[in-house]
1. Would you be able to tell me the number of residues in segment 270-304 that are among the hydroxyl-bearing types (Ser, Thr, Tyr) and either touching a helix residue (DSSP H, G or I) at 6+ places or on another chain (Cβ under 7 Å) or in contact (Cβ under 8 Å) with a residue 24 or more places away in the chain (or both)?
2. Determine which member of the set Leu136, Leu172 is more than 19 Å from Asn261 (Cα to Cα) and touching a residue at least 60 places away in the same chain (Cβ under 8 Å).
3. Residues of segment 282-300 being outside any loop (DSSP other than H, G, I, E, B) and open to solvent by less than 20 Å² (accessible area, probe 1.4 Å), which ones?
4. Picking from Ile307, Ile303, which residue would you name as being within 23 Å of Arg228 (Cα to Cα), at pLDDT 80 or above, of a type in the set (A, V, I, L, M, F, W, C) and part of a helix (DSSP H, G or I)?
5. Output yes when any residue across segment 66-83 is among the hydroxyl-bearing types (Ser, Thr, Tyr) and open to solvent by less than 10 Å² (accessible area, probe 1.4 Å), and no when none is.
6. Specify the residue that is farthest from Lys112 (Cα to Cα); the eligible residues are those in segment 161-186 that are part of a helix (DSSP H, G or I) and open to solvent by 30 Å² or more (accessible area, probe 1.4 Å).
7. How many of the residues in segment 314-346 are small (Gly, Ala, Ser), under 29 Å from the mean Cα position of the chain (by Cα) and either open to solvent by 80 Å² or more (accessible area, probe 1.4 Å) or modelled with pLDDT under 80 (or both)?
8. Could you tell me how many of the residues in segment 227-250 are more than 16 Å from Leu187 (Cβ to Cβ) and surrounded by fewer than 22 Cβ atoms within 10 Å (Cβ to Cβ)?
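The values are calculated or read from the model by the stated rules, or taken from the named source; none is laboratory data. Keep in mind that what you see is a predicted model, and the values were worked out from it rather than measured. All Cβ positions, even for glycine, are placed from backbone atoms using ideal geometry, and neighbour counts span all protein chains on display. Keep in mind that these areas ignore ligands, DNA and RNA; they rest on the heavy atoms of the full protein, side chains included. Shrake-Rupley method; radii C 1.70, N 1.55, O 1.52, S 1.80 Å.
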Amino acid sequence: MAEQANLTPTLVIGAGAWGTALAMAMARNGYQTWLWGRDKQHRSEMTSSRENTRYLPGQAFPEALSVVDDLDTAIRDCRHVLVSVPSKAFVESLHMIKPRLGETTPVSWATKGLAPDTGELLYDVARSVLGESHPLAVISGPSFAAEVAANLPTAFTVASEEGHFAEQLAGLFHSSTLRVYTTYDVLGVQIGGTVKNVLAISAGISDGLGFGANARAALITRGMAEIRRLAAALGAETETLFGLSGIGDLILTCTDDQSRNRQLGLAIGRGLSVEDAVQAVGKTVEGMHAAKEVMIRARQAKIEMPIVEQVCKILFEGYDPRESVQTLLCREQKAELTPPANKRVN
């Protein structure tokens, strides 16, 4: 426990559901954890009630979790910063903490997505903004915030190019109900965690249209092929995509109605406009932000991602969901597996 304690106190920036749940998980293990959110009134409410009633009502904060107001002092005095904000606020958050960070303070994040407009991977963005002296790590995997906060069994992955930091960070969370794995493949973990959100919108649209379980399974499977295609083009490890941050997160997000991305797709499939569907979900839908950026990377890599492409057309070009599904079904017939040259197929 001593090594993990070297990262405490940990400051979690972002008091939404996921940031709060991660802070609670560390504090439950007895590690001093500080939580900060932008909204002063929200911080006051959490301090008074000892829970995050806006996002995780009924889940009491562990004793080791404190809500902090003075961000300058908290960043200066913490041993580790964990950022849990929407992808569109990620770069701004890094620039906010940079002048306050110690020279070698480790930084991790639980944000899934790509940099807006450029499609840059967040690991590359963080390294560019913060420099080379800070160990960096990504937290990802099939994990709904409400279930982590409720201490229900969960597993996720910590990815870092600095193996010692990955092990330390995993140790802050690891418990009898939270199993944490480590990996060096930051590229594969980020791709899996990003693209699955876009694919979950497609699965929700299909279910909202009433197309059934067969269609959902096909979208998940062929969506996984798109993730693998992008990952291979960018140089990620294929094995990562069959782990928690790949197929695990994809299945969870595409099949459970706790997923905001799936909720958005369901609302669109049931006839709401995109604008009304966003309003109905009422919270950040990362797949909405990621869809354009994923297509940027796909075009740069010169690969096809037809499901992601149709999601983009529905979200941003006014395409009819039924016509988009028909477009996918009418694509030319292809082999799922092409035999090698030395293998005869009769």
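1. Residues in segment 270-304 being among the hydroxyl-bearing types (Ser, Thr, Tyr) and either touching a helix residue (DSSP H, G or I) at 6+ places or on another chain (Cβ under 7 Å) or in contact (Cβ under 8 Å) with a residue 24 or more places away in the chain (or both): 1 in total.
2. Leu172
3. Within segment 282-300, Gly287, Ala290, Ala291, Glu293, Val294, Met295, Ala298 qualify.
4. It is Ile307.
5. no
6. Per the criteria, the residue is His164.
7. Count: 0.
8. Total meeting the criteria: 2.
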